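The values are calculated or read from the model by the stated rules, or taken from the named source; none is laboratory data. These numbers come from a predicted model, not from an experiment. Neighbour counts are summed over all protein chains in view; Cβ atoms, including those assigned to glycine, are modelled from backbone coordinates with ideal geometry.
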Amino acid sequence: MTTSNRREFLRVTAGGLTLAGLVGRASAAGAEATIRPGGHDVLLVVDVQNCFIPGGSLAVNGGDEIVPIINRIAPAFRNVVLTQDWHTPGHVSFASSHPGKKPFETVQLPYGTQVLWPDHCVQGTEGAALAPGLSIPHAELIIRKGYRQDVDSYSAFLEADRKTPTGLGGYLRERGLRHVYLVGLATDFCVGWSALDARKAGFAATVIEDATRGIDAGGSLAKAWADMTGAGVKRIKSADIAV
Ligand code: VGL
Ligand code: ZN
């Protein structure tokens with residue numbers, strides 16, 4: 001290293017330290033947003049529907065609180081896909097379709113154990129509509145799921161028989177979208193299952209934690225986070241996204 005090179009090196013290093021100090025202060029104040037979504041990233045907004053917010057038939061606590069958070073970060077994503085839970089009347093996942101059964105009990109179906117729910121998100125009803133105030137005009141696709149009478153679908157990728165694709169995986173792949181950022185309802189069902197299936201299908205997956213809320217039936221929320229962490233799903237906060 002020549003003397004002038006060394007002087008330049010020291011100057012840059014000193015500058016770097018000053019910058020690091022500033023960044024450190026910003027992050028101590030909680031103001032550091034490090035993630036800038038790009039052309040291979042997609043925001044997947046799961047089931048932000050009337051049924052799942054307070055006042056709805058399968059209300060998730062605080063479900064309405066995520067709407068302004070999602071509205072704030074959505075413009076940072078060039079690509080946004082929404083999902084809608086979209087059941088037939090008398091759907092197999094409804095407790096009302098199983099005489100003697102109550103919501104949150106289970107039944108055995110040909111594809112395995114099914115949790116039974118209050119009637120919710122019936123096709124074309126007000127309950128199935130997107131939550132009021134959700135504002136993502138540039139969203140490109142709405143994937144509907146759970147529309148077959150005898151099969152539920154928590155996941156946006158694969159129905160509950162675990163073999164029928166919704167088409168979302170193919171759509172994302174064809175469009176070169178590789179990293180799925182998930183928000184919406186509910187953390188421990190549709191968001192969690194979608195994140196796990198995204199990983200299984202070879203996508204990177206990140207849940208934006210404060211833009212989700214859980215149902216938490218019988219420890220399901222802790223289990224969902226453990227399963228997601230084990231599968232390599234990342235967990236961030238909305239403040240980490242540069243908007
Ligand atoms: C959901 C239960 C039943 C969800 C949908 O969106 O998480 N949960 N149907
Ligand atoms: Zn459902």
*Are any residues in the range 123-149 within 14 Å of ligand 2 (Cβ to nearest atom) and loosely packed, with under 14 Cβ neighbours inside 10 Å, and if so, which ones?*
Gln149
*asked:* If I ask for residues that are over 18 Å from Phe203 (Cβ atoms) and in contact with a strand residue (DSSP E or B) (Cβ under 8 Å, 6 or more places away or on another chain), which ones from the range 140-150 would you list?
replied: Ile142, Arg144, Gly146, Tyr147, Asp150
_Looking only at the range 90-103, how many residues end up being touching a strand residue (DSSP E or B) at 6+ places or on another chain (Cβ under 7 Å) and either within 13 Å of ligand 2 (Cβ to nearest atom) or modelled with pLDDT under 95 (or both)?_
5
*Using beta carbons and a limit of 6 Å, which pairs, at least six apart or on different chains, have the first residue in the range 104-120 and at negative phi and in contact (Cβ under 8 Å) with a residue 24 or more places away in the chain and the second one assigned to a loop (DSSP other than H, G, I, E, B) and of a type in the set (A, V, I, L, M, F, W, C)?*
Tyr111/Ala160; Trp117/Leu58; Pro118/Leu58; His120/Leu58
*Quick check: is even one residue across the range 79-96 among the aliphatic types (A, V, I, L, M), assigned by TED's automatic domain parsing to the domain that holds Pro132 and either closer than 12 Å to Asp119 by Cβ or assigned to a loop (DSSP other than H, G, I, E, B) (or both)?*
yes
